[in-house]
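Data first, discussion second: the structure below is written as structure tokens.
The values are calculated or read from the model by the stated rules, or taken from the named source; none is laboratory data. These figures come from a predicted structure and were not determined experimentally. Positions of Cβ are backbone-derived with ideal geometry, glycine not excepted, and every protein chain shown enters the neighbour counts. In case anyone asks, the SASA skips ligands and DNA or RNA and just uses the protein heavy atoms, side chains included. Shrake-Rupley method; radii C 1.70, N 1.55, O 1.52, S 1.80 Å.
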Amino acid sequence: MIKLNIKCNSCWSAGCGTETSLVIFRGEKDLKKKLLVMSLNNQCRRRFQTNMAEKELGGSHESSGLIAKNNILEAKEALKSEQDEVSQRRNSQYQQDLKSVLVTSVLNLEKLDVDLYRGTHHWVPRTQRLFGGQIVGQALVAAAKSVSDSLYAHSLHCYFVRAGDPKVPVLYQVDRTRDGRSFTVRSVKAIQHGQPILICQASFQTLQPSPLQHQFPMPVVPPPEDLLTVEELIHHYLSKPDLAEEAKKGLKKLLANEVPIEIKPVNPAHFYRLGPEQPRRLFWGRARGHIGEGNMKLHCCVAAYVSDYALLGTALLPYPEYRAKFAASLDHSMWFHSTFRSDEWMLYECESPWAGSSRGLVQGRMWRRDGVLAASCSQEGVLRVKPVTEPSKL
Ligand SMILES: CC(C)(COP(=O)(O)OP(=O)(O)OC[C@H]1O[C@@H](n2cnc3c(N)ncnc32)[C@H](O)[C@@H]1OP(=O)(O)O)[C@@H](O)C(=O)NCCC(=O)NCCSC(=O)CC(=O)O
């Protein structure tokens, strides 16, 4: 492995002093170039005078000392072709994906009767039970349909009481529990085969300014432009010659998944559980495709969908010697704090303060990239595990 320390001495924003470390894999010149280019392009967004020390961290790689200037020129040339490639890719993706599938399909419920809706499935996880985030997101859509446009979703509390069956649609039955001057409460039952799979209470509020305002600061992490997507990381792992067949199969299945959200892990090793870690992980996430400004309720529904992604797995991070043989969320609560765009990058910070009794508690915070805390969530899940027989070869 090689660690590059890149220091910006003269970017255009005065006193930037940005310093970043990139860990790259030995012998992977293209990836190294790509990471360097990304850093040049985005860390400070302007020209760099770079002092880069290339430092050996292990293995038999021999180079050390300063990276030659012509490497930087080479990187800048690569930057241009990278930018062309990115803009071509963006254009073609934009053509295919003008509207987020979350809006056109997943969260677009069919009205069957007064306060009765039917939802369809888009992405079903490998567990072959419905994705909890989808059921929560759809339940919130159903609840929101019965409240006035002047109300904003501020919280929801759900229990997943049965596994969702991906072979049949889900019905959402809304009960108008209470309409108040400030707060309005709805109860939603998600039903399959005549039985509830989820019960949800959602609360909405009129906008009410207050002098009481505080929040924790957002964690300091690299911006999404400096990080690789899950798909790029998987391609990178797949290119490893010593990758076990079993792992290869698993990764290919992951690639074939059409998850309607885009994810950029801040620390891929944490994301993929490559060693024992603190029960905390961070990733940038956003809905794929365009949603646009204006419909805050819809952005909350999308955030509810996203909030269940990779959340429960955080409780497994300290235990690389165990794999989950049964993992399912039992409940899910969420609080919305400010306006945000779910089709723009938000930092998702997940942590697990406790695990025991075959359960894990996980908490999440979603940050707008300008540092505003957009939403918080909390979930408990069943975690039944078995020992790992072979170490991961990722
Ligand atoms: C959690 C529940 C399974 C409830 O558990 P129960 O144990 O009470 O249910 P049950 O008796 O039907 O048992 C379910 C399975 O667990 C086994 N089982 C039960 N108790 C056990 C125990 N003490 N030890 C070992 N196994 C046990 C049963 O044999 C059965 O296996 P067998 O089935 O082999 O006979 C249920 O409430 C549920 O499915 N809720 C929905 C959860 C969900 O779908 N969440 C959203 C998706 S998860 C998600 O989206 C997040 C994510 O994936 O990260």
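A few comments on the model shown:
- For segment 227-387, lysine pairs with C-alpha atoms less than 14 angstrom apart, excluding pairs fewer than eight positions apart on the same chain, total 4.
- Rounded if a/c under 1.5, otherwise prolate or oblate - segment 227-387, Cα gyration tensor axes: oblate
- Accessible area expressed per residue, segment 227-387, with surrounding protein chains retained (probe 1.4 Å, Å²): 41
- Rounded to the nearest 10 square angstrom, His122 shows an accessible area of 70 square angstrom against a 1.4 Å probe.
- Ranked order, Arg280, Arg288 - accessible area, probe 1.4 Å, largest first: Arg280, Arg288
- Gain in span if fully extended, Leu330 to Val220, counting 0.36 nm per residue against the direct Cα distance: 36.5 nm
- Charge sum, other residues only, whose C-beta stays under 12 Å from Ile263's C-beta, Lys/Arg counted +1 and Asp/Glu -1: +1
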